[in-house]
Amino acid sequence: MDILKSLGHPEEIINLFKYKIGGCRSVMPKLDYDSMSETLRTCYAYLNQTSRSFAAVIQALDGELRHAVCIFYLVLRALDTVEDDMSIPLEKKVPLLQDFHTFLYQPEWSFSESREKDRQVLEDFPTISVEFRNLGQEYRDVISDICHRMGVGMAEFLEKKVSSMKEWDKYCHYVAGLVGIGLSRLFSASQLEDTEVGRDTELANSMGLFLQKTNIIRDYLEDQQEGRAFWPQEAWSQFASRLEDFARPQHLSSALSCLNLLVTDALHHVPDVIAYLSRLCNQSVFNFCAIPQVMAIATLSACYNNPQVFQGVVKIRKGQAVTLMMQATNMGAVQSIIAQYSQEILQKVSGADPSREKTLRILSLIREKSLSPAALSSRAHHISPVYVSAAMLLAALSWQYLNATIPHVTADLV
(Lines give C-alpha, C1' and ligand atoms only; values in the text may rest on other atoms or scores of the structure.)
Protein backbone atom coordinates (compact mmCIF):
# COMPACT_ATOMS: atom_id res chain seq x y z
CA MET A 1 0.00 0.00 0.00
CA ASP A 2 1.67 3.19 -1.24
CA ILE A 3 0.52 5.43 1.57
CA LEU A 4 1.97 3.13 4.22
CA LYS A 5 5.41 3.54 2.62
CA SER A 6 5.11 7.29 3.16
CA LEU A 7 3.92 7.21 6.79
CA GLY A 8 7.29 8.46 7.97
CA HIS A 9 7.14 11.29 5.43
CA PRO A 10 4.05 13.44 6.15
CA GLU A 11 4.88 15.87 3.33
CA GLU A 12 4.50 12.99 0.87
CA ILE A 13 1.09 12.05 2.27
CA ILE A 14 -0.10 15.62 1.92
CA ASN A 15 1.18 15.80 -1.65
CA LEU A 16 -0.46 12.49 -2.56
CA PHE A 17 -3.79 13.99 -1.53
CA LYS A 18 -3.06 17.27 -3.31
CA TYR A 19 -2.19 15.26 -6.41
CA LYS A 20 -5.39 13.27 -6.16
CA ILE A 21 -7.65 16.32 -5.86
CA GLY A 22 -6.08 18.17 -8.77
CA GLY A 23 -2.45 18.97 -8.02
CA CYS A 24 -1.47 16.73 -10.91
CA ARG A 25 -2.88 19.34 -13.30
CA SER A 26 -0.12 21.76 -12.31
CA VAL A 27 2.30 19.57 -14.27
CA MET A 28 -0.11 17.43 -16.32
CA PRO A 29 -2.91 19.58 -17.79
CA LYS A 30 -5.70 17.65 -19.47
CA LEU A 31 -5.32 17.22 -23.22
CA ASP A 32 -8.03 17.97 -25.74
CA TYR A 33 -8.27 14.55 -27.36
CA ASP A 34 -11.45 15.47 -29.27
CA SER A 35 -9.51 17.84 -31.52
CA MET A 36 -6.95 15.17 -32.46
CA SER A 37 -6.97 12.84 -35.43
CA GLU A 38 -7.70 9.19 -34.69
CA THR A 39 -4.08 8.22 -35.39
CA LEU A 40 -2.76 10.94 -33.08
CA ARG A 41 -5.10 9.83 -30.28
CA THR A 42 -3.77 6.31 -30.76
CA CYS A 43 -0.22 7.62 -30.49
CA TYR A 44 -1.02 9.21 -27.13
CA ALA A 45 -2.61 5.96 -26.02
CA TYR A 46 0.62 4.15 -26.93
CA LEU A 47 2.60 6.83 -25.10
CA ASN A 48 0.65 6.21 -21.90
CA GLN A 49 1.00 2.43 -22.29
CA THR A 50 4.72 2.34 -23.01
CA SER A 51 6.08 5.27 -21.04
CA ARG A 52 5.95 5.77 -17.30
CA SER A 53 6.82 9.11 -15.75
CA PHE A 54 7.76 10.58 -19.15
CA ALA A 55 4.19 10.24 -20.43
CA ALA A 56 2.96 12.79 -17.91
CA VAL A 57 5.53 15.48 -18.65
CA ILE A 58 5.38 14.98 -22.44
CA GLN A 59 1.65 15.68 -22.40
CA ALA A 60 2.25 18.89 -20.42
CA LEU A 61 4.48 20.43 -23.11
CA ASP A 62 3.21 23.53 -24.88
CA GLY A 63 1.79 23.72 -28.39
CA GLU A 64 3.06 21.70 -31.32
CA LEU A 65 6.20 20.69 -29.39
CA ARG A 66 4.01 18.25 -27.43
CA HIS A 67 3.11 16.26 -30.54
CA ALA A 68 6.68 16.33 -31.87
CA VAL A 69 8.10 14.96 -28.61
CA CYS A 70 5.33 12.36 -28.36
CA ILE A 71 6.18 11.02 -31.83
CA PHE A 72 9.93 11.28 -31.12
CA TYR A 73 9.44 9.19 -27.99
CA LEU A 74 7.37 6.53 -29.79
CA VAL A 75 9.81 6.24 -32.69
CA LEU A 76 12.70 5.72 -30.27
CA ARG A 77 10.61 3.35 -28.15
CA ALA A 78 10.03 1.24 -31.27
CA LEU A 79 13.76 1.31 -32.04
CA ASP A 80 14.60 0.41 -28.44
CA THR A 81 12.11 -2.46 -28.52
CA VAL A 82 14.01 -3.97 -31.44
CA GLU A 83 17.31 -3.58 -29.57
CA ASP A 84 15.93 -5.12 -26.36
CA ASP A 85 14.29 -8.14 -28.03
CA MET A 86 16.64 -11.06 -27.43
CA SER A 87 14.50 -13.31 -29.65
CA ILE A 88 15.48 -11.45 -32.84
CA PRO A 89 18.61 -13.03 -34.42
CA LEU A 90 21.58 -10.70 -34.82
CA GLU A 91 21.64 -11.10 -38.59
CA LYS A 92 18.13 -9.64 -38.70
CA LYS A 93 18.42 -7.18 -35.83
CA VAL A 94 21.53 -5.33 -37.04
CA PRO A 95 20.06 -4.18 -40.39
CA LEU A 96 16.74 -3.41 -38.69
CA LEU A 97 18.48 -1.01 -36.34
CA GLN A 98 20.70 0.54 -38.99
CA ASP A 99 17.82 1.11 -41.43
CA PHE A 100 15.09 1.98 -38.92
CA HIS A 101 15.08 5.69 -39.79
CA THR A 102 14.08 4.83 -43.36
CA PHE A 103 10.88 3.15 -42.14
CA LEU A 104 9.60 6.56 -41.09
CA TYR A 105 8.95 7.29 -44.76
CA GLN A 106 7.52 3.85 -45.60
CA PRO A 107 3.77 4.14 -44.84
CA GLU A 108 3.10 0.40 -44.73
CA TRP A 109 6.17 -0.79 -42.80
CA SER A 110 5.56 -2.69 -39.57
CA PHE A 111 7.23 -5.50 -37.64
CA SER A 112 5.24 -8.35 -36.11
CA GLU A 113 8.00 -10.70 -34.90
CA SER A 114 8.80 -9.05 -31.58
CA ARG A 115 8.03 -10.71 -28.25
CA GLU A 116 8.70 -7.62 -26.15
CA LYS A 117 5.96 -6.11 -23.98
CA ASP A 118 5.95 -2.88 -26.03
CA ARG A 119 5.67 -4.66 -29.37
CA GLN A 120 2.47 -2.78 -30.30
CA VAL A 121 4.58 0.22 -31.34
CA LEU A 122 6.23 -2.02 -33.95
CA GLU A 123 3.10 -3.87 -34.97
CA ASP A 124 1.21 -0.61 -35.51
CA PHE A 125 4.16 1.47 -36.66
CA PRO A 126 2.15 2.88 -39.63
CA THR A 127 0.04 4.83 -37.12
CA ILE A 128 3.20 6.38 -35.64
CA SER A 129 4.92 7.00 -38.97
CA VAL A 130 1.91 8.79 -40.47
CA GLU A 131 1.91 11.22 -37.55
CA PHE A 132 5.67 11.63 -37.98
CA ARG A 133 5.08 12.66 -41.60
CA ASN A 134 2.42 15.13 -40.42
CA LEU A 135 5.01 17.02 -38.37
CA GLY A 136 6.79 20.11 -39.66
CA GLN A 137 10.00 19.59 -41.61
CA GLU A 138 12.07 21.12 -38.80
CA TYR A 139 10.86 18.37 -36.45
CA ARG A 140 11.07 15.52 -38.97
CA ASP A 141 14.70 16.30 -39.74
CA VAL A 142 15.69 16.09 -36.08
CA ILE A 143 13.77 12.88 -35.37
CA SER A 144 15.04 11.09 -38.48
CA ASP A 145 18.66 12.13 -37.84
CA ILE A 146 18.64 11.03 -34.19
CA CYS A 147 16.89 7.75 -35.05
CA HIS A 148 19.57 7.02 -37.67
CA ARG A 149 22.50 7.80 -35.38
CA MET A 150 21.00 5.87 -32.50
CA GLY A 151 20.24 2.80 -34.61
CA VAL A 152 23.81 2.66 -35.91
CA GLY A 153 25.16 3.00 -32.36
CA MET A 154 22.87 0.32 -30.98
CA ALA A 155 23.94 -2.06 -33.76
CA GLU A 156 27.60 -1.42 -32.89
CA PHE A 157 27.09 -2.48 -29.27
CA LEU A 158 25.06 -5.57 -30.15
CA GLU A 159 28.26 -7.19 -31.27
CA LYS A 160 30.54 -6.06 -28.46
CA LYS A 161 30.34 -5.73 -24.71
CA VAL A 162 30.65 -2.52 -22.73
CA SER A 163 34.24 -2.96 -21.60
CA SER A 164 35.77 0.36 -20.59
CA MET A 165 34.28 3.35 -18.79
CA LYS A 166 34.83 5.29 -22.02
CA GLU A 167 32.74 2.72 -23.90
CA TRP A 168 30.06 2.99 -21.20
CA ASP A 169 29.85 6.70 -21.94
CA LYS A 170 29.71 5.94 -25.66
CA TYR A 171 26.94 3.37 -25.28
CA CYS A 172 24.94 5.72 -23.06
CA HIS A 173 25.47 8.48 -25.64
CA TYR A 174 23.95 6.32 -28.35
CA VAL A 175 20.90 5.22 -26.38
CA ALA A 176 20.24 8.32 -24.24
CA GLY A 177 22.67 11.18 -24.90
CA LEU A 178 21.33 11.39 -28.44
CA VAL A 179 17.83 11.62 -26.96
CA GLY A 180 18.92 14.65 -24.94
CA ILE A 181 20.50 16.19 -28.03
CA GLY A 182 17.42 15.51 -30.14
CA LEU A 183 15.04 16.92 -27.53
CA SER A 184 17.17 20.05 -27.19
CA ARG A 185 17.05 20.57 -30.96
CA LEU A 186 13.28 20.12 -30.88
CA PHE A 187 12.98 22.70 -28.09
CA SER A 188 14.91 25.21 -30.19
CA ALA A 189 13.03 24.31 -33.38
CA SER A 190 9.76 25.06 -31.58
CA GLN A 191 11.15 28.52 -30.66
CA LEU A 192 10.12 27.91 -27.06
CA GLU A 193 13.80 27.87 -26.16
CA ASP A 194 16.85 29.75 -27.40
CA THR A 195 18.88 28.31 -30.26
CA GLU A 196 21.84 27.83 -27.88
CA VAL A 197 19.89 25.09 -26.06
CA GLY A 198 19.88 23.02 -29.24
CA ARG A 199 23.46 23.87 -30.17
CA ASP A 200 25.14 22.90 -26.89
CA THR A 201 25.33 19.16 -27.44
CA GLU A 202 27.72 18.57 -24.52
CA LEU A 203 25.22 19.62 -21.86
CA ALA A 204 22.33 17.92 -23.66
CA ASN A 205 24.33 14.69 -23.91
CA SER A 206 25.10 14.82 -20.18
CA MET A 207 21.37 15.12 -19.37
CA GLY A 208 20.76 11.84 -21.19
CA LEU A 209 23.78 10.09 -19.73
CA PHE A 210 22.70 10.88 -16.19
CA LEU A 211 19.29 9.25 -16.72
CA GLN A 212 20.66 6.25 -18.61
CA LYS A 213 23.42 5.49 -16.13
CA THR A 214 20.87 5.66 -13.31
CA ASN A 215 18.67 3.16 -15.13
CA ILE A 216 21.60 0.82 -15.81
CA ILE A 217 22.75 0.95 -12.20
CA ARG A 218 19.26 0.34 -10.81
CA ASP A 219 18.43 -2.46 -13.29
CA TYR A 220 21.45 -4.69 -12.56
CA LEU A 221 19.41 -7.71 -11.46
CA GLU A 222 16.70 -7.42 -14.12
CA ASP A 223 19.31 -7.16 -16.88
CA GLN A 224 21.19 -10.16 -15.48
CA GLN A 225 18.00 -12.22 -15.45
CA GLU A 226 17.28 -11.21 -19.06
CA GLY A 227 20.78 -12.08 -20.22
CA ARG A 228 21.87 -8.44 -20.66
CA ALA A 229 24.96 -6.78 -19.21
CA PHE A 230 25.55 -3.02 -19.24
CA TRP A 231 27.80 -2.49 -16.23
CA PRO A 232 31.26 -1.72 -17.71
CA GLN A 233 33.85 -4.46 -17.32
CA GLU A 234 36.51 -1.92 -16.35
CA ALA A 235 34.44 -1.23 -13.22
CA TRP A 236 33.18 -4.66 -12.18
CA SER A 237 36.42 -6.54 -12.96
CA GLN A 238 38.08 -4.62 -10.11
CA PHE A 239 35.84 -6.47 -7.67
CA ALA A 240 34.80 -9.81 -9.25
CA SER A 241 35.78 -12.29 -11.93
CA ARG A 242 32.23 -12.34 -13.33
CA LEU A 243 29.50 -9.70 -13.30
CA GLU A 244 26.87 -12.23 -12.25
CA ASP A 245 28.80 -12.95 -9.05
CA PHE A 246 27.44 -9.74 -7.53
CA ALA A 247 24.02 -11.38 -7.14
CA ARG A 248 25.49 -13.94 -4.72
CA PRO A 249 25.41 -13.05 -1.00
CA GLN A 250 29.06 -14.00 -0.43
CA HIS A 251 30.08 -11.27 -2.91
CA LEU A 252 27.97 -8.48 -1.39
CA SER A 253 30.88 -6.37 -0.17
CA SER A 254 32.49 -6.38 -3.62
CA ALA A 255 29.12 -5.74 -5.26
CA LEU A 256 28.53 -2.65 -3.13
CA SER A 257 32.00 -1.32 -3.94
CA CYS A 258 31.29 -1.58 -7.65
CA LEU A 259 27.81 -0.10 -7.23
CA ASN A 260 29.19 2.90 -5.37
CA LEU A 261 31.88 3.42 -8.02
CA LEU A 262 29.22 3.58 -10.75
CA VAL A 263 26.95 5.87 -8.76
CA THR A 264 29.93 8.18 -8.27
CA ASP A 265 30.60 8.15 -12.01
CA ALA A 266 26.95 9.03 -12.74
CA LEU A 267 27.04 11.90 -10.25
CA HIS A 268 29.69 13.63 -12.36
CA HIS A 269 26.90 14.61 -14.78
CA VAL A 270 24.92 16.53 -12.15
CA PRO A 271 26.82 19.85 -12.56
CA ASP A 272 25.96 19.72 -16.28
CA VAL A 273 22.34 18.99 -15.42
CA ILE A 274 22.24 22.12 -13.24
CA ALA A 275 23.86 24.21 -15.99
CA TYR A 276 21.43 22.91 -18.65
CA LEU A 277 18.29 23.46 -16.58
CA SER A 278 19.40 26.98 -15.64
CA ARG A 279 19.23 27.97 -19.34
CA LEU A 280 15.60 26.98 -19.88
CA CYS A 281 12.93 29.68 -20.17
CA ASN A 282 9.66 27.91 -21.01
CA GLN A 283 7.87 26.48 -17.97
CA SER A 284 6.58 23.34 -19.69
CA VAL A 285 10.04 22.55 -21.09
CA PHE A 286 11.59 23.13 -17.68
CA ASN A 287 9.13 20.73 -16.00
CA PHE A 288 9.69 18.16 -18.74
CA CYS A 289 13.47 18.24 -18.25
CA ALA A 290 13.68 18.76 -14.50
CA ILE A 291 11.26 16.10 -13.22
CA PRO A 292 13.13 13.05 -14.62
CA GLN A 293 16.45 14.49 -13.42
CA VAL A 294 15.33 14.95 -9.81
CA MET A 295 13.79 11.46 -9.87
CA ALA A 296 17.13 10.18 -11.11
CA ILE A 297 19.14 11.66 -8.27
CA ALA A 298 16.52 10.39 -5.79
CA THR A 299 16.92 6.94 -7.35
CA LEU A 300 20.72 7.10 -7.15
CA SER A 301 20.42 8.02 -3.49
CA ALA A 302 18.17 5.00 -2.94
CA CYS A 303 20.63 2.75 -4.80
CA TYR A 304 23.87 3.96 -3.21
CA ASN A 305 25.38 1.27 -0.97
CA ASN A 306 22.05 -0.59 -1.08
CA PRO A 307 22.20 -4.44 -1.16
CA GLN A 308 18.67 -4.47 -2.60
CA VAL A 309 20.10 -3.55 -6.02
CA PHE A 310 21.44 -7.12 -6.17
CA GLN A 311 18.40 -8.80 -4.64
CA GLY A 312 15.33 -7.14 -6.13
CA VAL A 313 13.99 -3.82 -7.36
CA VAL A 314 14.92 -0.41 -6.00
CA LYS A 315 12.29 2.26 -6.59
CA ILE A 316 11.49 5.52 -4.91
CA ARG A 317 8.14 5.73 -3.13
CA LYS A 318 5.06 6.85 -5.07
CA GLY A 319 4.59 9.66 -2.55
CA GLN A 320 8.19 10.65 -3.10
CA ALA A 321 7.69 10.68 -6.89
CA VAL A 322 4.53 12.80 -6.62
CA THR A 323 6.29 15.24 -4.30
CA LEU A 324 9.19 15.61 -6.73
CA MET A 325 6.81 16.15 -9.67
CA MET A 326 4.93 18.87 -7.81
CA GLN A 327 8.01 20.65 -6.47
CA ALA A 328 10.52 20.54 -9.36
CA THR A 329 8.99 23.49 -11.20
CA ASN A 330 11.68 26.15 -10.69
CA MET A 331 15.45 26.27 -10.53
CA GLY A 332 15.65 27.06 -6.84
CA ALA A 333 13.52 24.05 -5.92
CA VAL A 334 15.52 21.77 -8.22
CA GLN A 335 18.81 22.93 -6.70
CA SER A 336 17.41 22.32 -3.25
CA ILE A 337 16.23 18.82 -4.19
CA ILE A 338 19.65 17.99 -5.66
CA ALA A 339 21.33 19.28 -2.51
CA GLN A 340 19.04 17.17 -0.33
CA TYR A 341 19.76 13.90 -2.11
CA SER A 342 23.46 14.69 -2.37
CA GLN A 343 23.45 15.05 1.39
CA GLU A 344 21.65 11.71 1.74
CA ILE A 345 24.35 10.01 -0.33
CA LEU A 346 27.07 11.76 1.67
CA GLN A 347 25.67 10.33 4.89
CA LYS A 348 25.96 6.81 3.44
CA VAL A 349 29.58 7.03 2.30
CA SER A 350 31.65 4.46 4.17
CA GLY A 351 35.16 5.14 5.35
CA ALA A 352 36.20 1.83 3.81
CA ASP A 353 34.62 2.35 0.37
CA PRO A 354 37.30 2.28 -2.39
CA SER A 355 35.64 5.20 -4.21
CA ARG A 356 35.21 7.28 -1.08
CA GLU A 357 37.53 10.17 -2.03
CA LYS A 358 36.09 10.49 -5.55
CA THR A 359 32.55 10.36 -4.15
CA LEU A 360 33.27 13.06 -1.60
CA ARG A 361 34.86 15.31 -4.24
CA ILE A 362 31.92 15.16 -6.66
CA LEU A 363 29.38 15.56 -3.86
CA SER A 364 31.25 18.65 -2.68
CA LEU A 365 31.13 20.12 -6.19
CA ILE A 366 27.42 19.34 -6.54
CA ARG A 367 26.63 20.96 -3.22
CA GLU A 368 28.67 24.03 -4.19
CA LYS A 369 26.58 24.42 -7.35
CA SER A 370 23.21 23.55 -5.86
CA LEU A 371 23.09 24.59 -2.24
CA SER A 372 22.47 27.88 -0.54
CA PRO A 373 21.11 28.21 3.03
CA ALA A 374 18.05 30.07 1.72
CA ALA A 375 17.24 27.38 -0.83
CA LEU A 376 17.48 24.60 1.72
CA SER A 377 15.30 26.37 4.28
CA SER A 378 12.69 27.27 1.67
CA ARG A 379 12.04 23.61 1.03
CA ALA A 380 11.75 22.64 4.69
CA HIS A 381 8.14 22.41 5.86
CA HIS A 382 7.63 22.92 9.57
CA ILE A 383 4.35 21.20 10.39
CA SER A 384 3.02 20.86 13.90
CA PRO A 385 2.93 17.32 15.34
CA VAL A 386 -0.83 17.62 15.94
CA TYR A 387 -1.45 18.50 12.30
CA VAL A 388 0.79 15.67 11.12
CA SER A 389 -1.03 13.14 13.31
CA ALA A 390 -4.43 14.32 12.09
CA ALA A 391 -3.33 14.24 8.46
CA MET A 392 -1.90 10.74 8.80
CA LEU A 393 -5.07 9.47 10.48
CA LEU A 394 -7.22 10.99 7.75
CA ALA A 395 -4.93 9.48 5.13
CA ALA A 396 -5.10 6.02 6.64
CA LEU A 397 -8.92 6.13 6.82
CA SER A 398 -9.54 7.42 3.33
CA TRP A 399 -6.70 6.05 1.20
CA GLN A 400 -8.38 2.76 0.38
CA TYR A 401 -11.22 4.66 -1.27
CA LEU A 402 -9.01 7.17 -3.05
CA ASN A 403 -6.49 4.61 -4.24
CA ALA A 404 -9.12 3.03 -6.48
CA THR A 405 -9.15 6.14 -8.64
CA ILE A 406 -5.78 7.88 -8.21
CA PRO A 407 -3.96 8.40 -11.54
CA HIS A 408 -0.99 6.11 -12.03
CA VAL A 409 2.34 7.59 -11.02
CA THR A 410 5.56 5.65 -10.86
CA ALA A 411 9.10 6.47 -9.97
CA ASP A 412 10.57 4.77 -13.02
CA LEU A 413 12.67 7.05 -15.14
CA VAL A 414 11.58 6.01 -18.59
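Applying a threshold of 9 Å to beta carbon distances and a minimum spacing of six or more residues, or different chains, the list of pairs starting in the range 227-254 at a residue that is assigned by the TED database to the domain that holds D84 and ending at one that is modelled with pLDDT of 95 or more is empty. Taking Q283 and the conditions (1) modelled with pLDDT of 90 or more; (2) more than 17 Å from the chain's Cα centre (by Cα); (3) open to solvent by less than 40 Å² (accessible area, probe 1.4 Å), which numbered condition does it fall short on, given that it satisfies the others? Q283 satisfies all of (1) modelled with pLDDT of 90 or more; (2) more than 17 Å from the chain's Cα centre (by Cα); (3) open to solvent by less than 40 Å² (accessible area, probe 1.4 Å) except (3). For the range 97-153, the set of residues classified as of a type in the set (A, V, I, L, M, F, W, C) and either open to solvent by 50 Å² or more (accessible area, probe 1.4 Å) or in a loop (DSSP other than H, G, I, E, B) (or both) consists of W109, F111, L135, V152, listed by residue number. Screening the range 240-291 for residues that are charged (D, E, K, R) and part of a helix (DSSP H, G or I) and picking the one that is farthest from R356 (Cα to Cα) gives R279. Listed here are the helices (runs of 4 or more DSSP H) enclosed by the range 158-215 that have at least 1 residues being in contact (Cβ under 8 Å) with a residue 40 or more places away in the chain and under 19 Å from G136 (Cβ atoms): 178-189, 195-199. The residues of the range 216-231 that are open to solvent by 30 Å² or more (accessible area, probe 1.4 Å) and part of a helix (DSSP H, G or I), listed by number, are E222, Q224, Q225.
Of all positions in the range 166-174, none carries a residue that is open to solvent by 20 Å² or more (accessible area, probe 1.4 Å) and among the hydrophobic types (A, V, I, L, M, F, W, C). Taking residues in the range 60-82 that are outside the structural domain of L178 (by the TED database), and partners anywhere that are acidic (D, E) and assigned to a helix (DSSP H, G or I), the pairs with Cβ atoms closer than 6 Å and at least 6 places apart or on different chains are I71/E131. Residues in the range 135-152 that are without any contact (Cβ under 8 Å) to a residue 40 or more places away in the chain and over 25 Å from the mean Cα position of the chain (by Cα): Q137 alone.
A78 meets each of the listed conditions (1) in a helix (DSSP H, G or I); (2) farther than 21 Å from S184 by Cα apart from (2). Applying the criterion of being assigned to a loop (DSSP other than H, G, I, E, B) and touching a helix residue (DSSP H, G or I) at 6+ places or on another chain (Cβ under 9 Å) to the residues of the range 52-75, the residue that is most open to solvent (accessible area, probe 1.4 Å) is D62.
Can you confirm whether N306 is closer than 18 Å to D219 by Cβ and surrounded by fewer than 21 Cβ atoms within 10 Å (Cβ to Cβ)? Here the answer is yes, as N306 does meet what is asked.
Taking the range 292-330 only, how many residues are within 30 Å of G351 (Cα to Cα) and either part of a loop (DSSP other than H, G, I, E, B) or in contact with a Pro (Cβ under 8 Å, 6 or more places away or on another chain) (or both)? Of the residues in that region, 10 qualify.
The values are calculated or read from the model by the stated rules, or taken from the named source; none is laboratory data. Bear in mind that the values here come from a model prediction, so they are computed numbers and not experimental data. Here the Cβ is made from the backbone with ideal geometry for all residues, glycine too, and neighbour counts use every protein chain on show. These accessible areas exclude ligands, DNA and RNA; they are computed on the full protein's heavy atoms, side chains included. Shrake-Rupley method; radii C 1.70, N 1.55, O 1.52, S 1.80 Å.
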